[in-house]
Amino acid sequence: MIRSINSCSNEWLNVQNSEGGGTFYIDTNKVQQGIAGQVRHNGNYFEVNDGMVWKTLYDGHATVSLTTPAQQALQWAMKQFEKEKELEKLAESNVTVKDAVDSYKNAIAEAEEKLKVVITLAKETA
């Protein structure tokens, strides 16, 4: 059983707990035989017995969402994915586009290798 949802935020996620909800649990250290866990309707609320007292069941809820920077990063990644997918599809049917894409990929790979060497040298001399 989830005992509670703690509100928190970080770089990627927002977790929020609505007022009154998400913190109910039965304290098994206080259970008296036969009544813990019983549920009753009392006026406008449902209540549950925790072994000692009746506690109101709230209709609170938790929400989990991505932060704005996380949403933007995913949107950017999806745009890049769609762009690459479209380019690959076009390259399948057009030899000139395929040659250009291959040249582009080779140039990127070569530039990355050169950059790795430069970074390694820079770290060694620092």
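Bear in mind that the values in this text are calculations on the coordinates, not laboratory data. Note that the coordinates shown come from a computational prediction; the quantities given were computed from them, not determined experimentally. Neighbour counts are summed over all protein chains in view; Cβ atoms, including those assigned to glycine, are modelled from backbone coordinates with ideal geometry.
Remarks
- Cα-based shape type of region 71-125, given that a ≥ b ≥ c are square roots of the gyration tensor eigenvalues and the cut on a/c is 1.5: oblate
- Converting phi to 3J(HN,Hα) with the Karplus coefficients 6.51, -1.76 and 1.60 and the offset θ = phi - 60°, region 83-97 yields 4, 5, 5, 5, 5, 4, 5, 5, 5, 5, 10, 9, 4, 5, 5 Hz in sequence order, with x at every glycine or proline.
- Neighbours of Gln75, meaning other residues whose beta-carbon lies under 13 angstrom from its beta-carbon, give a summed charge of +1 when Lys and Arg score +1 and Asp and Glu score -1.
- Couplings for region 63-78, taken from phi via the Karplus curve 6.51 cos²θ - 1.76 cosθ + 1.60 with θ = phi - 60°, read 10, 10, 9, 7, 6, 4, x, 5, 5, 5, 5, 5, 4, 4, 4, 5 Hz in order; Gly and Pro are left as x.
- Net lengthening on full extension, Lys98/Ser65 (0.36 nm per residue, minus Cα-Cα): 7.9 nm
- Residues whose amide H comes within less than 5 Å of that of Lys55, counting only those at least five positions distant or on another chain, are Val48, Asn49, Asp50 (H built at 1.01 Å from N in the peptide plane).
- In order through region 111-124: 3J(HN,Hα) via Karplus (6.51 cos²θ - 1.76 cosθ + 1.60), integer Hz, x for Gly, Pro: 5, 5, 5, 4, 4, 4, 5, 4, 5, 4, 5, 5, 5, 5
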